[in-house]
Structure formats: structure tokens, C-alpha cells
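The structure under discussion appears below in the form of C-alpha cells.
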Amino acid sequence: MPAQTTPEPKAPRIFASSVIAGGAGKTQATVNLAVEAAGRGWKVGVADFDPQRTASHILGYQDPPNGQPTIFDVLQGNNRLEEAVVPARYRIGAGDKDSAFRNIPNLDLILGTPEMADAEVNLGLDPAGVLWLQNVLDEQMPEGRWDVLFFDCGPTLGILLLSIAMVGPEIIGCVADEFKYIIGLQDLEDTLERGRKKFRRFGFKTEVQHILATNIPLNAEGEVRRSGGAVTDDAMKAIRDNEDWNPMLLPIIRRKQRFKDTIVKQRPLRFLDPRNEALEDIAAVVDALGLKRLNSTRKR
């Protein structure tokens, strides 16, 4: 009788959201896409690489709890990856005790910290700094814990981004309602191209694979509302007229004030306003990313 073999565990699919200019809705998109995927039954992790740590704040952690390791401690080599993982949660009451929050099923957070502002310097001083995250994931990834990882990158195009790109994620270039984001998208592509040339021998192949437009004024038919800003319309036209970019454009996420409220309330949109029409946009993006529903019902 042939010997039974255990199949190799499947590596999680990784998405990395990046933008050079703030205000593009990158973190909001990252968090709410992760919540939607978790609600569909996927085991999801959000890694907060942005020193502003907005993802960590929305998911229930204004500051790292005392003694709790963060992604920066992993970068420093002081802690292992799994030690920086906390349950993602949302606020249900006042105060900072655990009872003021409710955990989100299927969703973990790799905790962020303002110290990630020093990551560029730390990695730059290490000759193998660009390989940092690759080594961590190769050696410390908890087996079978996650199906999908969402990386919320900081607003830089330096060695930290290249270290993240080295692991081969699907890069999501985020744009919003101003032309500066179109320029930033080109800068992102140029940075990755330089990375491919410089680190080809290490297997660096990452390119922008998706473009996500957020905070876009849409009309009732889901089309860009020019009265909401001619600049927005022109920016979207620049993407759609680009033969390389247009196929990468994901469904648009419309402008909604409630997105800003999620930061103040520490409640992702699903739990803050479960009937908000922007949730349909988020679901459409998750569909476009191929993360179909694994469970039978949506839990609000």
C-alpha cells in the first residue's frame, strides 16, 4: 500500500496596499476588505506596517497594550511574528478594558506602532534588510493560521516597501479623487521596477497587480459624478485610458462620510453602519479579488 503523504500547507494569499500620498483611503480599504473576507469565512490577518497605525486603531487598539509586542519588535528580532498577533476587535462600550470590545471572528491583527517610522533606518543599516520580511515569513509563519493576509503599507517608497514586495504580494495601488494619486501610482510602479532590477537575483518579481480607487463621488448608477469634482473625473479617466492600468482597476469604492467615523468609533463600517451602500462596493472588490464566500450566511 502506498505511503500516505501529508500535503504541504498552502501559503496564504497576500495583498499589500500602498500609496505615496496620504488621504487615499488606503487603510480604510485594507481594514474593510479584510473584515468582508473574514465575514465570508476566510481566516484573515491584517499586518499594520504604517506608523500612523490607523488600521490598529480601527481594529480596537489605539496604542499597543503594555508589554504587547508589535510588528516593530519582530523587525528588531526581539519577538517572533506570532507574539505580535492580537485578535481584531471593535468597540461596543466605553473604556479600554477588553469588555469594551468584541472580537471579530476569523480576523487577526499584527499590531502596528509609531516606531515603524524608524523601520527605514533600521532596515537600511542591515545589508540584508530587504530580505527581512521574507525571512520572517519563511521561518515564523504560523502554519495554517491564515488563508489571506492584508498588509497596510506606510506612505513611503523605500526599503520597507521593497522588503514587503520581496515576499511577492499582490500589490494594490490605491488612488483617490486627486491627480496627485495618479502621479503616486506611477512612482510606485517605478519603485517596483527598480526593485526588480536591483534584487532580481533574490527572486524579486513583484508588480502592481490591482488599482483601487476610493473616496470617489458616484451617482445613483455607480458612475463617477462629475459635479462632485472634475479633477476626480479626470483622474479616473487617466487610469481608464491607460492600457496597462485599466485592466487592473478594481470596482470603485464610493465616497462616504461614515468611513471617517470608523476611526473615531473604532468600528469598521460593517459594524458601524451595516446598511451603508459602500459595503456593496467593498463586497464587489472582494469578489473581484476572487475571495468568494466560504460560509452560507453573512453575519452582520
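Each residue of the stretch 234-240 is assigned a 3J(HN,Hα), and the resulting list reads 5, 5, 5, 5, 4, 6, 5 Hz, derived from the Karplus form 6.51 cos²θ - 1.76 cosθ + 1.60 (θ = phi - 60°), x at Gly and Pro. Taking the DSSP beta bridges with both ends in the stretch 1-119, the antiparallel portion is around 60 percent.
Remark on Phe151: its backbone amide H falls under 5 Å from those of Phe15, Ala16, Ser17, Ala47, a criterion applied only to residues 5 or more positions apart or on other chains, H modelled at 1.01 Å from N.
Among the listed pairs Lys43/Lys256; Lys180/Lys237; Lys256/Lys292; Lys43/Lys292; Lys97/Lys265; Lys237/Lys260, those with a Cα-Cα distance over 22 Å are Lys43/Lys256; Lys256/Lys292; Lys237/Lys260. Taking amide hydrogens as placed 1.01 Å from N in the peptide plane, the amide H of Phe101 sits under 5 Å from those of Ile92, each at least 5 positions away in sequence or on another chain.
Here the chain is treated as a Stokes sphere of Kirkwood radius computed over C-alpha pairs; at 4 °C and 1.567 mPa s its diffusion coefficient rounds to 66 µm²/s.
Overall, the stretch 13-288 carries a charge dipole of about 460 debye about its Cα centre when +1 sits on the Cβ of Lys and Arg and -1 on the Cβ of Asp and Glu, all other atoms neutral.
Hey, got a sec? Which GluC sites (Glu not before Pro) in the stretch 80-154 land in a DSSP loop and have at most 11 other Cβ atoms within 10 Å? Passing sites in the stretch 80-154 are Glu143.
Each DSSP beta bridge with both residues in the stretch 13-288 is either parallel or antiparallel, and the antiparallel ones are about 20%. Qualifying trypsin sites (Lys or Arg not before Pro) in the stretch 17-97, where qualification requires a DSSP coil assignment and no more than 12 other C-beta atoms within 10 Å, comprise Lys97.
Quick note: the coordinates plus some simple rules give every number you see, no bench work behind them. Values in this document were obtained by computation on a predicted structure and should not be read as measured data. Don't worry about glycine lacking a Cβ; one is built from the backbone with ideal geometry, like all the others, and counts go over all protein chains shown.
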